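K.L.:
Shown below is the structure under consideration.
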Amino acid sequence: MKANIATAILTATITAASWHSSPRAENFPSKAVTLVVPWPAGGTTDIGMRALAMATEKHLGQSIVIENRPGAGGVVGPMQMAASSKPDGYTIAQIPITVFRFPFMRKTTFDPATDLTYIIHVTGYTFGVVVRKDAPWKTFNDLLSDAKANPGKINYGTPGAGTSLHITMEQIAKQRGIKWTHVPFKGTPETMNAIVGGHVDVVADATGWGPLVNSGDLRLLVTWGASRTKNWPDVPILKEIGIDMVSNSPFGIAGPKAMDENIVKTLHDAFKKGMEEASYIAQMAKLDQEPVYLNSEDYRAFAAQQLAEQKQLVEELGLKQE
């Protein structure tokens, strides 16, 4: 009997050890890795993640293939990845902060606390509000005054409902007692087409508007960081015009739940080295984005914190949809 028990314990120990260091983990990666970007091709996130993928490939030893899966403010891609991909490290996704907000806005079985394996936190955005060059508003305060005097008259576009851009615009509206109309799109290419084509009055988005601001086709009224941007230093931040807010929507990379810890480490280490490559740093400078690195353990803790904060934010703004 004792021999049988000892054999069972030994078998269980070997099985557990082999799970934590499986042949698949030891040989990882043996093929290309797919990185799901839940935004359209050509947008700010797509540009940045493609630069990171290219910088990381030589450190990973395999190609990283970008797969664009836009929808639901950046939630569709990660949610599909979590539900249908094997936890083998070959399908991972960019995780926008909307992922932590979504469960409190809509009924869903998706739980970011348990359905994802957090690999590495990467960066945050530079957000700003732009209008056409012929728009009547020369400053953000001009825009706010007009919105205050004409409730519901002004509409604004963002890359999607529930995104940080949508949330922050509604926070500003609540603070200033104004009402404007939100028009959600699927990403930066759509918001830029809408503003240039005159389909919306205003766009709140990440720095995909940069080339059109630099060419003079769009006017940048305000940015939402803690300090003025390096690329547009003459443009004020929200705090300078009396709105005590900072919004930069930090994000990282995760995979499905139950990934082998050795695979997570391999991916983390490769992406960390990719973040240090000159080519990636140069692209981040063009987008006016700063590194916000967190290792896997700290990123998990950050995710838990964000879930609590986003739940409170959704409740405060009354954004829950039945």
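K.L.:
With among the aromatic types (Phe, Trp, Tyr) and more than 21 Å from the chain's Cα centre (by Cα) as the only criterion, which of Trp209, Trp232, Trp224 stands out?
P.N.:
On the way: Trp209 fails: more than 21 Å from the chain's Cα centre (by Cα); Trp224 fails: more than 21 Å from the chain's Cα centre (by Cα).
Result: Trp232 is the single residue among Trp209, Trp232, Trp224 that is among the aromatic types (Phe, Trp, Tyr) and more than 21 Å from the chain's Cα centre (by Cα).
K.L.:
Please state which one of Gly77, Gly73, Gly48 is at pLDDT below 95 and either acidic (Asp, Glu) or assigned to a helix (DSSP H, G or I) (or both).
P.N.:
Of Gly77, Gly73, Gly48, the one residue that is at pLDDT below 95 and either acidic (Asp, Glu) or assigned to a helix (DSSP H, G or I) (or both) is Gly73.
K.L.:
While we're on this one: Quickly run through the stretch 138-154 and pick out the residues that are within 26 Å of Lys320 (Cα to Cα), open to solvent by 10 Å² or more (accessible area, probe 1.4 Å) and in a loop (DSSP other than H, G, I, E, B).
P.N.:
Correct list: Pro151, Gly152, Lys153.
K.L.:
Another one. Starting from the stretch 20-46, take each residue that is under 10 Å from Asn68 (Cα atoms) and crowded, with 16+ Cβ neighbours inside 10 Å and list its partners that are among the basic types (Lys, Arg) and modelled with pLDDT under 95, counting only C-beta distances under 6 angstrom and pairs at least six apart or across chains.
P.N.:
Close Cβ pairs (under 6 Å, with a partner that is among the basic types (Lys, Arg) and modelled with pLDDT under 95) amount to Pro40/Lys186.
K.L.:
Can you tell me which residues in the stretch 294-315 are touching a His at 6+ places or on another chain (Cβ under 8 Å) and outside any loop (DSSP other than H, G, I, E, B)? Give the steps one after another, and end with the answer.
P.N.:
Going residue by residue through the stretch 294-315, those that are touching a His at 6+ places or on another chain (Cβ under 8 Å) are 294-296, 298-299, 302.
The answer is Leu294, Ser296, Asp298, Tyr299, Phe302.
K.L.:
Something else about it: Being surrounded by fewer than 24 Cβ atoms within 10 Å (Cβ to Cβ) and among the small types (Gly, Ala, Ser): is that true of Ala135 here?
P.N.:
Working: surrounded by fewer than 24 Cβ atoms within 10 Å (Cβ to Cβ): yes; among the small types (Gly, Ala, Ser): yes.
Judged against the criteria, Ala135 is a match.
K.L.:
So, one more: Do we have any residue at all in the stretch 177-195 that's surrounded by fewer than 23 Cβ atoms within 10 Å (Cβ to Cβ), in contact (Cβ under 8 Å) with a residue 40 or more places away in the chain and farther than 20 Å from Pro96 by Cβ?
P.N.:
Taking every residue of the stretch 177-195 in turn, none turns out to be surrounded by fewer than 23 Cβ atoms within 10 Å (Cβ to Cβ), in contact (Cβ under 8 Å) with a residue 40 or more places away in the chain and farther than 20 Å from Pro96 by Cβ.
K.L.:
Does any residue in the stretch 302-322 that is within 15 Å of Asp111 (Cβ to Cβ) come within less than 7 Å, Cβ to Cβ, of a residue that is open to solvent by less than 60 Å² (accessible area, probe 1.4 Å) and assigned to a helix (DSSP H, G or I) six or more places away or on a different chain, and which pairs are these?
P.N.:
Ala303/Phe100; Gln306/Phe100; Leu307/Phe100; Gln310/Phe100; Gln310/Arg101; Gln310/Phe104; Lys311/Phe104
K.L.:
Going through Gly157, Gly162 one at a time, which residue ends up being part of a loop (DSSP other than H, G, I, E, B), under 22 Å from Arg106 (Cβ atoms) and either open to solvent by less than 10 Å² (accessible area, probe 1.4 Å) or polar (S, T, N, Q) (or both)?
P.N.:
Working: Gly157 fails: part of a loop (DSSP other than H, G, I, E, B).
Only one candidate qualifies: Gly162.
K.L.:
A follow-up question, please. Filter the stretch 209-232 down to residues that are in a loop (DSSP other than H, G, I, E, B) and among the hydroxyl-bearing types (Ser, Thr, Tyr) and give me whichever is farthest from Thr44 (Cα to Cα).
P.N.:
Taking the stretch 209-232 as the starting set, the residues that turn out to be in a loop (DSSP other than H, G, I, E, B) are 215-217, 224-232.
Now restrict to residues that are among the hydroxyl-bearing types (Ser, Thr, Tyr): 215, 227, 229.
Details: Ser215: 17, Ser227: 20, Thr229: 16 Å.
Only one residue fits best here, namely Ser227.
K.L.:
Here's a follow-up. Taking the stretch 84-112 as the search range and keeping residues that are small (Gly, Ala, Ser) and either under 20 Å from the mean Cα position of the chain (by Cα) or part of a loop (DSSP other than H, G, I, E, B) (or both), which one is surrounded by the most Cβ atoms within 10 Å (Cβ to Cβ)? It would help to see each step written out before you state the result.
P.N.:
Applying the first criterion (small (Gly, Ala, Ser)) to the stretch 84-112 yields 84-85, 89, 93.
Right, trim to either under 20 Å from the mean Cα position of the chain (by Cα) or part of a loop (DSSP other than H, G, I, E, B) (or both) and you get 85, 89, 93.
On the way: Ser85: 17, Gly89: 24, Ala93: 29.
My answer is Ala93.
K.L.:
Out of all the residues in the stretch 233-251, is one or more touching a residue at least 24 places away in the same chain (Cβ under 8 Å) and part of a strand (DSSP E or B)?
P.N.:
Among the residues of the stretch 233-251, at least one is touching a residue at least 24 places away in the same chain (Cβ under 8 Å) and part of a strand (DSSP E or B), which makes the answer yes.
K.L.:
Further question on the same structure: Could you check how many residues of the stretch 47-76 are of a type outside the set (Lys, Arg) and either without any contact (Cβ under 8 Å) to a residue 40 or more places away in the chain or within 21 Å of Ile263 (Cα to Cα) (or both)?
P.N.:
The qualifying residues number 18.
The values are calculated or read from the model by the stated rules, or taken from the named source; none is laboratory data. Quick caveat, the model's predicted, so the values are computed rather than measured. In this analysis, Cβ positions are derived from the backbone assuming ideal geometry, glycine residues included, and neighbour counts consider all displayed protein chains. What goes into the accessible areas is simple: the full protein's heavy atoms, side chains included, and nothing from ligands, DNA or RNA. Shrake-Rupley method; radii C 1.70, N 1.55, O 1.52, S 1.80 Å.
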